[in-house]
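These notes concern the structure reproduced below.
FYI, it's all coordinate maths here, none of it is from the lab. As the structure is a prediction and not an experimental result, all values here were calculated from the model.
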Amino acid sequence: MHVHVINADGEAVIEIGRKARLIWAGGMKDKVIQEALVIVQDHAEMLAEAWEKIHGE
């Protein structure tokens, strides 16, 4: 289960789980990636529920 985080500079793919984990990133600054990891971690339950609605369990 993962999310794509996109900004003007690039993209990151972050795994949703007990601890958010960076899978891949291109073009994004490290600070932005770290901020995205915190946001994904803080909203992991909601993101996982949305992912399951879209992709199924």
Nearest-ten-degree value, helix 44-55 long axis tilted from longest Cα axis of the chain: 70 degrees
The chain: calculated mean residue ellipticity at 222 nm from DSSP helix runs of at least 4, using -39500 (n - 2.57): -14000 deg cm²/dmol
Listed values (1) 1.03; (2) 1.07; (3) 0.98, entry calculated as Rg/Rh (Cα atoms, Kirkwood Rh): (3)
